[in-house]
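Note sheet for the following structure.
Please treat every number below as a calculation from the coordinates, not as lab data. Worth saying up front: this structure is predicted, and the values here are computed from it rather than measured. Note that we place each Cβ from the backbone using ideal geometry, even for glycine, and neighbour counts take in every protein chain shown.
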Amino acid sequence: MSMVRFYRVFGNPPGEISSNSINDGVLDLEKMKRRDRINSENLEYLDLTDNGFIYPTGKIQGLTGLKTLLSSGNDFSDFSPTFLDSFSAVENLALANCRFDLNSFQSNSLRIFKNLKLLKRLDLSLNSLSFLAQNTFSTNQQMTELYLATNRFTEIPFDLKLTPNLKVLDLSENAISTLNEKVTMELDALAERNGNLSLRLAGNVLSCGCENFYFIKWILTTNVDIDFDSKLVCVNESGLYSHLDKHLNVGTFWRQCMGQQYLYVSAVFLCIIAIIFLGSFVVMRCKLYIVAYVAQILGTVPRRRLTDFQNHVFIVSSPNEGFVTVLSNYLKQTFFLNTRDSRDLEPGRPEYEDFFAEINATWRVILVVTVEFFHDNNFQMLFTLVLNSMSHDNPGKVLLLYERNVQLNVDLINAIGEDNILEVPLWQLTPNMDEFLYDRIFVDY
């Protein structure tokens, strides 16, 4: 005989089987062997399902070859951690709905299964378990099927690395909402190692909120066999329930979750680029002023004032420009400034060779630019010398007045600074020009 099944036996086992009950001490199948001609060493299958056996605190002897033990549906509330030591050869063990003392069973789960080194299939369903002791199943590396359905687990309650041959993991009807990235990677590794892995999650309310995007993406793309046929239920951030198959399009789900976030990131990135571009533009336009300001703060370049210069204003213009005479007289009479005029210089004369030294000794240089300026080689040379005279100790040195028809290039505007450039309509002195000149000549005085 290789199989024994007790069917709906309540209370003590029948008297003719043993004078000792399974409750009080030992169920000795050697007696059954002698009386009923049972070869207990060849007994491989023992079914005690739903028989009302209670408190298995003793031992069952004579079952060293037992491979299948089905004990679901009994009252094991006083279950001994050493009870299963007698079944060292068992491969298939069912302990579903056994009304365990939860604190005792969960705390001693490592010890309970310690000696079942050949165990391949274990059913712990319907036991209201919420955790297992650390390193549970560390000695059960042959296990291929594990059924933990209808419990209270919020995560996989054991280290997947301890069960390298696992092919079926039933976590249906638990309290799992998500699995972290480390666990999903380990599940993928198991599926690749063993050729297949079936993960059952039906009956759990999964989180399909955007905060768990990685988990949902993993479910939809993993090679692990997920039980989609069970209409997996998920709930979003608003508390609305739906079936996970509505998120089968990963791209759509990504846009729903990440679209707004990436819009914000893109907006911030665009603002940063705009700030960098604007900053670069400002630096290019005001480079001389910025360097001068920093140099003055650091004390590397002394701050210079109008009184530090021999000449207050030097006017550079094309020859025969009547406006220059008016401007020069205005500066002398209104602001009492020492004013010089480039028209007093003649090409080839010694004083022309000293022109650069003279403008270096001048506080402000006013360039009067007309259309004729671009055809006056002498003025072009003077213009270049003026721009080269600009320095960090006097960055606002050059002022530019131009008529409306003159087209100023970007390099010229950047070199002088837009604030130091003024359009002069009809070459007349105006209140606007008066304010412009006063502010820029006396700004550092």
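Summary table below
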| read-out | value |
| --- | --- |
| Length gained when the stretch S138-K182 is fully extended (0.36 nm per residue, less Cα-Cα span) | 13.9 nm |
| Gained length - D308 relative to L412, 0.36 nm times residue gap less alpha-carbon distance | 34.8 nm |
| Three principal axis lengths of region 146-244 [C-alpha, angstrom, descending] | 39, 25, 23 |
| Pairwise FRET efficiency - D101 versus L270, Cβ, R0 = 60 Å, nearest 0.05 | 0.45 |
| Extension gain, E435 back to Y241 (0.36 nm per residue minus Cα-Cα distance, nm) | 62.7 nm |
| Sum of side-chain charges, K120 neighbourhood, beta-carbon under 15 Å (Lys, Arg +1; Asp, Glu -1) | -1 |
| Span per principal axis, largest first, for the Cα atoms of region 67-115 (Å) | 27, 22, 12 |
| Region 351-445, relative contact order [Cα under 8 Å, separation at least 6], % | 27 |
| From the C-alpha gyration tensor of region 96-214, square roots of 5λ in Å | 22, 19, 12 |
| Unit charges on C-beta of K, R, D, E only; dipole of region 121-174, Debye | 120 |
| Modelled FRET efficiency - R0 56 Å, E211 with N165, Cβ distances, 0.05 increments | 0.95 |
| Label zone at W254 (point 7 Å along Cα-to-Cβ), backbone N below 17 Å, region 220-246 | 220-223 |
| Förster-model FRET efficiency, 22 Å R0, S230 and A175, C-beta, rounded to 0.05 | 0.85 |
